[in-house]
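Contents: one structure, followed by commentary.
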Amino acid sequence: MTRIGFFTRLLDDAGPAERFRIATEQIVAAERHGFDSAWVAQHHFHAAEGGLPSPFVFLANVAAQTSRIRLGTGVVTLPLEDPVRVAEDAVVLDLVSGGRAELGLGSGSTPASFLAFGERSEDRGRIFGEKIDALVAALAGGALGDDANRLQPPGRDLLGRVWQATFSPSGGTRAGRAGHGLMLSRTQPRPSDAPRASLSDVQQPVVDAYLEALPHGVPPRILASRTLFVADSREEARRYAEIGLRRAAVGFTRMGQPPAGDTLDELIAAYDTHVGTVDEVIESLSRDAVAAQASEVAFQVHSVDPPHELVLRSIELIAREVAPALGWGATAPAPALAR
């Protein structure tokens with residue numbers, strides 16, 4: 001059974017403290033409606049890209065307000081971090097959450113952020129490879145600089161919950177060889193020779209490389225992130241999609257990912273957005289071949305970014321109608337926590 005997750009980059013139109021409060025409320029609602037996991041992204045410095053530089057601190061607070069939902073980083077930008085400290089923070093989160101931590105890692109995408117940490121974006125692939133090896137060695141109980149130094153508390157329980165995010169088949173091979181989970185993005189650039197390829201067309205070679213490299217006997221873990229906004233009416237869904245996607249198109253174009261056209265439907269297609277009523281999004285998601293292969297699909301509202309109350313409604317509709325229609329999600333809704 002494919003699990004369902006909620007993903008947020010904390011991009012609400014609000015100040016930092018309010019963004020944290022809103023995201024926490026959304027994750028609590030996701031747990032209440034039976035979502036299996038919640039994922040938060042790490043971003044430094046650029047509020048328009050994401051609102052959370054310290055995911056472990058935030059998730060520890062969320063852990064105190066939830067009881068069942070798994071709590072993941074999607075992702076920690078590992079080239080900008082000390083891998084031993086990431087391992088230590090992940091272990092502490094896992095312990096205070098009752099074993100609910102999922103450790104998603106990536107190489108990063110915002111070149112300017114690297115300068116603040118004394119690194120070059122051009123080197124991120126090599127640095128990521130070196131640091132993920134160091135992190136895994138720390139979790140496995142290896143010596144850290146001196147034979148007397150070992151991770152404390154130990155981190156071996158987390159070894160089966162490490163994930164790698166990638167856009168490329170080579171990254172899929174790296175994740176597979178390590179026996180880690182594979183994290184796939186909600187959207188990604190198309191090759192120049194296939195500008196109108198579907199997201200599944202682009203991501204299927206990554207999945208194939210991952211599965212081919214996975215050691216015998218290790219079950220695949222594939223997380224497909226997808227943009228999804230479900231509303232009670234088509235008009236409401238498209239109104240917010242028009243606002244959000246036109247705003248997002250400016251940033252995507254600046255990054256070299258311009259839309260193929262300027263109509264709303266062309267923007268929806270260009271940025272792999274599932275938006276509309278329950279019936280409409282069930283139909284569009286049913287055509288996503290990679291999501292159908294995933295062990296988990298994590299839904300986010302970015303780049304539509306509707307108001308908070310409509311995100312809560314979308315969460316409810318996903319759990320109650322969309323996911324069951326697709327055969328996804330197996331967790332019963334959680335009882336409300338006593339306050």
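A compact table of results
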read-out	value
Segment 51-75, subset more than 16 Å from the chain's Cα centre (by Cα) and hydroxyl-bearing (S, T, Y), residue surrounded by the most Cβ atoms within 10 Å (Cβ to Cβ)	T66
Selection within segment 145-178 - of a type in the set (A, V, I, L, M, F, W, C), touching a residue at least 40 places away in the same chain (Cβ under 8 Å) and out of contact with any helix residue (DSSP H, G or I) (no Cβ under 6 Å at 6 or more places or on another chain)	V162, W163, A165, A178
Filter result (in contact with a strand residue (DSSP E or B) (Cβ under 8 Å, 6 or more places away or on another chain) and free of Cβ contacts under 8 Å to residues at least 40 places away in the same chain) within segment 72-106	T73, V76, T77, L93, S97, R100
V250 in a helix (DSSP H, G or I), farther than 20 Å from A289 by Cβ and open to solvent by 40 Å² or more (accessible area, probe 1.4 Å)	yes
Subset of segment 220-253 [among the polar types (S, T, N, Q) and touching a Lys or Arg at 6+ places or on another chain (Cβ under 8 Å)]	S225, T227
Exclusive hit being in a loop (DSSP other than H, G, I, E, B), open to solvent by less than 40 Å² (accessible area, probe 1.4 Å) and modelled with pLDDT under 95, set G99, G141, G108	G108
Of all residues in segment 144-166 being charged (D, E, K, R) and over 20 Å from V92 (Cα atoms), the one that is least open to solvent (accessible area, probe 1.4 Å)	D146
Some residue of segment 195-205 being basic (K, R) and surrounded by 16 or more Cβ atoms within 10 Å (Cβ to Cβ)	no
Selection status of F299, more than 29 Å from F35 (Cα to Cα) and either touching a Ser or Thr at 6+ places or on another chain (Cβ under 9 Å) or open to solvent by less than 10 Å² (accessible area, probe 1.4 Å) (or both)	no
Hits in segment 213-242 - residues which are buried (at least 23 other Cβ atoms within 10 Å of the Cβ) and either in a loop (DSSP other than H, G, I, E, B) or hydroxyl-bearing (S, T, Y) (or both)	S225, T227, A231
Residue satisfying all of: in segment 243-300; under 18 Å from I222 (Cβ atoms) and among the acidic types (D, E); farthest from the chain's Cα centre (by Cα) among these	D288
Positions within segment 2-33 being touching a strand residue (DSSP E or B) at 6+ places or on another chain (Cβ under 8 Å) and either at positive phi or acidic (D, E) (or both), in sequence order	L10, E31
Entirely in segment 269-319, the helices (runs of 4 or more DSSP H) that have 1 or more residues that are among the hydroxyl-bearing types (S, T, Y) and at pLDDT 95 or above	278-285, 308-317
Residues that are of a type in the set (D, E, K, R), within 20 Å of L267 (Cβ to Cβ) and part of a loop (DSSP other than H, G, I, E, B), drawn from segment 173-203	R186, R190, R196
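The values are calculated or read from the model by the stated rules, or taken from the named source; none is laboratory data. This one's a predicted model, so the numbers in the text were calculated from it and none came from an experiment. Positions of Cβ are backbone-derived with ideal geometry, glycine not excepted, and every protein chain shown enters the neighbour counts. Accessible surface is based on the protein model in full, side chains and every heavy atom, while ligands, DNA and RNA are left aside. Shrake-Rupley method; radii C 1.70, N 1.55, O 1.52, S 1.80 Å.
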